[in-house]
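Structure record follows, encoded as structure tokens.
The values are calculated or read from the model by the stated rules, or taken from the named source; none is laboratory data. All values reported here derive from a predicted model rather than from experimental measurement. All Cβ positions, even for glycine, are placed from backbone atoms using ideal geometry, and neighbour counts span all protein chains on display.
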Amino acid sequence: MILPFLIIIPLLAAFLISLISGEKDNWAIVLSILAVISLLVLSLFSFFTTGKDTFVYEMSGWKIPLTICLVQDALSTFMLVIVNLIALTSLMFSVSYIRHYAGPWKYYALFMLLITGMNGVIATGDIFNLFVFMEIALFAAYALVAFGAKAEEYEAAFKYAVMGSISSTLILLGIGILYAATSNLTMANIAEVLPTKDPRISLWVAAIFLTGFGLKSAIMPFHAWLPDAHSSAPAPISSMLSGVLIKALGIYAIIRIFFNVLGAPQAFLTIFMVMGSISIIVASYLALGQWDLKRLLAYSSISQIGFILLGLGIGTKLAILGALFHILNHAVFKSLLFYNAGAVEMAVGTRDLRQMGNLKKAMPVTSWTSMIASLSVSGLPPFNGFFSKLIIIIAAVQSQNIIYAIVAVIGSLLTLAYFMKVQRYGFHGNNVIQELKAAISPGMKSAMIILAVLCIVTSILIIPGIREVTLDPVVSVITNKTGYIYEVLGR
Amino acid sequence: MTVYLLCFTLLLVGLYGALTKRDLIKIILSLGIMGYAVNLMIILFAYKKGASFAIMVKDGINSNMVDPLPQALILTSIVIELGITAMLVALAIRLFQKYKTFDITKIRRLSG
């Protein structure tokens, strides 16, 4: 069984880092890189060996209604691969970036806790355990947002922590109601028992969970904390938060609970579509008006989450495939863009697009990778963003939702517009910058290059032969609720 | 039924405080009230009149006892809330050092 190690390794690494680190952060770096490499290898291995099967790990030998179980199926291993991939590149970027801050070993310990929380949320099959791991991840995230120890960062972290604890309280309330109704905490058991109860219970619970997890994933009416928190954090943490945290805690939990446990109620799918469209359009307009690069990227995250939610709301197999593919793609290109922003901030000393100017000569790697990421996020072929957006739009047209297809096209054009602005002012402006304040280290460059290559390479996942072994099993886990129940309960 | 409604009112009191108060400490206290309301509600879901604790029961399954699982859940949730509250208070202290005030209308260097 692999899944327990995906939680044990980062937790142990966090503990050991805080135990052995002194003034220097060398041991912390070695330990955390080793831990994350092993996590990536384990998650890739489990993704390719799982296929269509489901493996259930029951903790400490108890049987399923009594135990906390970890569920290894296509969906959870797919998300684990994304989380650990972004975590590895993020650590590579951190090594020289984070030396500008005080107390670097604390950063690595908190980073490991963040990974523990996210892996735990994804691996677990127990709804209360999901809540506990979510709190671990959020606790590390609050501390990491405030890591720069400047006034704005404390302000953003406080705002994030207040919104986060309101949403966690609501989620706990939902879990309590589910337990009262079904006398179970294992998600598969809840999914089995809930249809025999009063249907109003599941509507109430779905509404509470929509608010709670909506706040976590920053869908449009609940987005207020995201631009502050994601733009104030150190760049590698922004990429972790925007790239994977809002997906692991928000979108993944929404998928698991709404599709596998509550059985995708039609009313809520419509709400997903409406909220997704609002997020796409409004967040794109807000992004268009920003001059702070990281704030612009944060608003762009809200709009791309809108695309994912729109795909989930349409609810056909093709649309869910598009949404899943967009989860992977968004993790790759948004992390890359945040690395670019971090590299520019370190080398030029500003995040304001108007002061950036022409960086092509001074920072060739950063400017080329940012070009690739911008093209990818705006949805131009042959980059990965094009294919996922195209699939979502085709699925919307096929299921007679023409208006939502038009919304997605407009959102895509607006995305192109504000990334043209980034490229025009930020990287190809008139003000040619010759000398840099700090050099970009090889670790940072290689993190950016790996993700830029992945922007193109992940496009091949859509080729029919490869899609059938990678993305299709994930889609069938999401759409097949009874299959999830039977596989987990072993009948 | 009345107890659940009262609990829900307590939750709304906390939510109202968290959304409308301008003082950082009052916001933290309101979040605490919200948390307590949910904890109390989950304990009440398991409550049975005249029943005893599970560890006091000698003869096993058929005796009259309250459900012990929610109590275990609430212990976990209280510990988590302790951690989050400590984090919020630490952030509030740091914010006070930077801005010399607890008033959130004066703590706004980040633009909307």
**Asked** Which pairs do you get when a residue that is in a loop (DSSP other than H, G, I, E, B), found in segment A:225-249, comes within reach of a residue that is at pLDDT 90 or above and among the hydroxyl-bearing types (Ser, Thr, Tyr), reach meaning Cβ atoms under 7 angstrom, with the pair 6+ apart or on two chains?
**Response** A:TRP225/A:TYR160
**Item:** All positions within segment A:163-176 that are more than 7 Å from chain B (Cβ to nearest Cβ) and either closer than 14 Å to B:ILE80 by Cβ or of a type in the set (Gly, Ala, Ser) (or both)
**Value:** A:GLY164, A:SER167, A:SER168, A:ILE171, A:GLY174, A:ILE175
**Check on B:GLY83, of a type in the set (Gly, Ala, Ser), under 17 Å from A:PHE158 (Cβ atoms) and either part of a helix (DSSP H, G or I) or at the interface with chain A (Cβ under 9 Å from one of its Cβ atoms) (or both)** = yes
**Message:** Any residue that is within 12 Å of chain B (Cβ to nearest Cβ), more than 16 Å from the chain's Cα centre (by Cα) and modelled with pLDDT under 95 - is there at least one of those in segment A:94-110?
**Reply:** yes
**Request:** Kindly establish whether A:SER367 is part of a helix (DSSP H, G or I), surrounded by fewer than 22 Cβ atoms within 10 Å (Cβ to Cβ) and in contact (Cβ under 8 Å) with a residue 24 or more places away in the chain.
**Result:** yes
**Asked** Which residue, of A:ILE8, A:ILE86, is modelled with pLDDT of 90 or more, of a type in the set (Val, Ile, Thr) and touching a Gly at 6+ places or on another chain (Cβ under 9 Å)?
**Response** A:ILE86
**Message:** Among the residues in segment A:21-31, are any surrounded by fewer than 17 Cβ atoms within 10 Å (Cβ to Cβ), more than 29 Å from A:ILE450 (Cα to Cα) and modelled with pLDDT under 90?
**Reply:** yes
**Prompt:** Of all residues in segment B:27-52, which are surrounded by fewer than 16 Cβ atoms within 10 Å (Cβ to Cβ) and among the hydroxyl-bearing types (Ser, Thr, Tyr)?
**Reply:** B:TYR47, B:SER52
**Request:** Kindly establish whether A:VAL81 is on the phi < 0 side of the Ramachandran plot and surrounded by fewer than 24 Cβ atoms within 10 Å (Cβ to Cβ).
**Result:** yes
**Odd one out for A:VAL132, checked against (1) farther than 19 Å from A:ALA14 by Cα; (2) facing another protein chain (nearest Cβ under 7 Å)** = (1)
**Request:** Looking only at segment A:147-162, decide whether some residue is of a type in the set (Ser, Thr, Tyr), in a helix (DSSP H, G or I) and within 9 Å of chain B (Cβ to nearest Cβ).
**Result:** yes
